[in-house]
Amino acid sequence: MPQWLNDAVFYEIYPQSFYDTNGDGIGDINGIIQKLDYVKGLGCNAIWLNPIYDSPFMDAGYDVRNYKQVAPRYGTNDDLENLFNEAHKKGIKILLDLVPGHTSDTHPWFQEAKKAEKNEYSNRYVFTNSAWEAPPQYRLMCGICERDGNYLVNFFSSQPALNYGFYDITHPDWQLPSNHPDCLATAEAMKDVMRFWLDKGADGFRVDMADSLVKNDEEKIATAKIWRGVREMLDREYPEAAMVAEWCHPERAINNAGFHMDFYLDHAGNGYNLLFRCGSWGDEAVFNPNGRGNVKAFADEYLASYELTKDNGYISFMTNNHDMPRPTAYLDKQAIKLVNAFIFTMPGVPFLYYGDEIGMKYQKDLVSKEGGFHRTGSRTPMQWSSGKNLGFSESDTPYLPTDASADAPTVENQQNAPDSIYRTVTDVIALRHRYDDLKGNGDFELFYEEGSIPFAYKRGKLVMFFNPLGREIEMNTEYSGRIVYEIGKSEFSDGKVKMSAQSFAMIEI
Ligand code: NOJ
């Protein structure tokens, strides 16, 4: 297990929207290099970079045309290597986004696979045996290539699924077992991509749709086996490299598949959703001040996963990512401060999505860009200053419009505002680095009164108290001590804590 993960705080950068240095309206790698000190100033010591590979951008780069080539709009392979080097000088690690489940339909492998003549890549993707065979349980593209067969897609129509085989074989005429040499070759090709970037200085990967590899693999047994093989390769050849799964099933991702981390993110009904998003636009979320949330439901779900996985890897809380509406769509400013106090004091390895630290707004009504659809509103340019395009770019045609509202938050105006989300985010991240008790995993005890929202948790000598409600409350507690940090006001006396509306307190006992 790479030791650095114990104190890692990640910053997710969506490269097209971060910082444009060449005036073409699209963020670039040099822009990220120029902003490394900013990232460091947040307290983040690791970056997850969304795909930067050559792509036709039908899905914002999750449709890869060449895994080993940086998209010209972001720069060159040398620029990326330069980013690794500059980041490392500042103590920042960089994870690239690995997209192992599918490629773009413009990828050379697919161009070969869809040819009528059999060739080396015929089995790299999943084709049925005839253009007339299209079992409805599969997402297939039908009758659109010279090869007599239909092919499976993983996500959008432009993203044919790579062939890692099938676990339950229902159509033996075209489904290969996952140990077929051609399926093993797909996994080897992906390891080759990983080695290529690790050799250039990447520190690991965020793995897109990590659970999607082997089809008809209900329990993900064969899929996990592939990842265990990848983990063995990393342990042997790159022991400092880390992988975080987009799996959202920590027992499977961490314990079975060998991922170092798994995202705890928005899957209908899970604990993440219960905390931050559920109901109609968050009106049943724990952090909504209306008190309709349910701490117990979160606790039941999370604690079970935490106990089972804490010795093997980390559950990663995130402020948001590029696939979901920003927190500002669900919660008010005070609630968002509490959410950040929560995310950065919980066990695991936390992730901050670019722009969330200044409370960027979800831009609801934008026309979809590069397959974003509703996600487009969370992918708008980073807001740096009051300058042109809020400091993102000198171009007259930026990648997406910037927030046009008069009160658009920017790094410039938030850094200087004592009451800003930025202040809370940087404060709580600094506390995480300062106290060993707040890092990584460890003992974790959660307290809540049945059916009531105020809750607290203890990590070592620190106890964190949360009152997300829009009114003052009193909560019983056996703990008291020095208040290390607070949002709002808390008073401890006689086995109770009185907390003002929407408040947080961290005490050292
Ligand atoms: C999950 C990624 O986060 C998302 O942005 C992408 O569209 C799909 N996987 C498909 O690769």
Candidates 357, 370 - the one that is within 16 Å of the ligand (Cβ to nearest atom), of a type in the set (Asp, Glu) and within 25 Å of the chain's Cα centre (by Cα) = 370
Considering the stretch 316-342 alone, what residues qualify as being in contact with a strand residue (DSSP E or B) (Cβ under 6 Å, 6 or more places away or on another chain) and not polar (S, T, N, Q)?
-> 318, 337, 338, 341
Got a sec? Which of 314, 302 is touching an Asp or Glu at 6+ places or on another chain (Cβ under 9 Å) and buried (at least 22 other Cβ atoms within 10 Å of the Cβ)?
-> 314
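Does the stretch 328-349 contain at least one residue that is within 16 Å of the ligand (Cβ to nearest atom) and either surrounded by fewer than 20 Cβ atoms within 10 Å (Cβ to Cβ) or hydrophobic (A, V, I, L, M, F, W, C) (or both)?
Looking for residues that are within 16 Å of the ligand (Cβ to nearest atom) and either surrounded by fewer than 20 Cβ atoms within 10 Å (Cβ to Cβ) or hydrophobic (A, V, I, L, M, F, W, C) (or both), one finds none in the stretch 328-349, hence no.
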Checking 266, 211 in turn, the sole residue that is within 15 Å of the ligand (Cβ to nearest atom), part of a helix (DSSP H, G or I) and not hydrophobic (A, V, I, L, M, F, W, C) turns out to be 211
Is one or more of the residues making up the stretch 361-374 assigned to a loop (DSSP other than H, G, I, E, B), open to solvent by 80 Å² or more (accessible area, probe 1.4 Å) and farther than 26 Å from residue 26 by Cβ?
-> no
Among the candidates 199, 266, single out the residue that is open to solvent by 20 Å² or more (accessible area, probe 1.4 Å), of a type outside the set (A, V, I, L, M, F, W, C) and either in contact with a Gly (Cβ under 6 Å, 6 or more places away or on another chain) or farther than 30 Å from residue 293 by Cα (or both).
-> 199
List the strands (runs of 3 or more DSSP E) that sit entirely inside the stretch 22-101 and contain at least 2 residues that are out of contact with any Lys or Arg (no Cβ under 9 Å at 6 or more places or on another chain) and more than 17 Å from residue 353 (Cα to Cα).
-> 66-70
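Listed here are the residues, each with its yes/no results for (1) out of contact with any Ser or Thr (no Cβ under 9 Å at 6 or more places or on another chain); (2) over 25 Å from residue 96 (Cα atoms); (3) modelled with pLDDT under 95; (4) away from the ligand (no atom under 16 Å from the Cβ).
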| position | (1), (2), (3), (4) |
| --- | --- |
| 243 | yes, no, no, no |
| 272 | yes, no, yes, no |
| 299 | yes, yes, yes, yes |
| 316 | yes, no, no, no |
Can you tell me which residue within the stretch 39-58, out of those that are crowded, with 21+ Cβ neighbours inside 10 Å and farther than 20 Å from residue 90 by Cβ, is farthest from the ligand (Cβ to nearest atom)?
-> 54
Of the residues that make up the stretch 226-239, is at least one closer than 29 Å to residue 272 by Cα, modelled with pLDDT of 95 or more, buried (at least 23 other Cβ atoms within 10 Å of the Cβ) and within 16 Å of the chain's Cα centre (by Cα)?
-> no
Those residues that are under 18 Å from residue 212 (Cα atoms) and either among the small types (Gly, Ala, Ser) or at pLDDT below 95 (or both), I need them from the stretch 137-160; list them, please.
-> 157, 158
Looking for whichever is touching a strand residue (DSSP E or B) at 6+ places or on another chain (Cβ under 8 Å) and open to solvent by 40 Å² or more (accessible area, probe 1.4 Å) here; the options are 157, 178. Which one fits?
-> 157
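This table checks each residue for (1) of a type in the set (A, V, I, L, M, F, W, C); (2) farther than 30 Å from residue 455 by Cα.
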site: 334; (1), (2): no, no
site: 337; (1), (2): no, no
site: 355; (1), (2): no, no
site: 362; (1), (2): no, no
site: 384; (1), (2): yes, yes
site: 393; (1), (2): no, yes
site: 405; (1), (2): no, yes
When every residue in the stretch 90-106 that is over 15 Å from residue 156 (Cα atoms) and open to solvent by 10 Å² or more (accessible area, probe 1.4 Å) is compared, the one nearest to the ligand (Cβ to nearest atom) is 93
Exclusive hit being within 16 Å of the ligand (Cβ to nearest atom), in contact (Cβ under 8 Å) with a residue 24 or more places away in the chain and surrounded by 20 or more Cβ atoms within 10 Å (Cβ to Cβ), set 110, 127 = 110
Strands (runs of 3 or more DSSP E) within the stretch 437-509 that include 2 or more residues surrounded by fewer than 19 Cβ atoms within 10 Å (Cβ to Cβ) | 445-448, 473-476, 482-487, 490-493, 496-499
Scan (1) surrounded by fewer than 23 Cβ atoms within 10 Å (Cβ to Cβ); (2) part of a helix (DSSP H, G or I) for the single condition residue 223 breaks and write down its number.
-> (1)
Given (1) open to solvent by 10 Å² or more (accessible area, probe 1.4 Å); (2) more than 16 Å from the ligand (Cβ to nearest atom); (3) over 30 Å from residue 341 (Cα atoms), index of the condition residue 74 fails | (1)
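The values are calculated or read from the model by the stated rules, or taken from the named source; none is laboratory data. All values derive from a computational prediction rather than experimental measurement. Note that each Cβ is placed from the backbone with ideal geometry, even for glycine, and that neighbours are counted across all protein chains shown. The accessibility values were calculated without ligands, DNA or RNA, using every heavy atom of the protein model including side chains. Shrake-Rupley method; radii C 1.70, N 1.55, O 1.52, S 1.80 Å.
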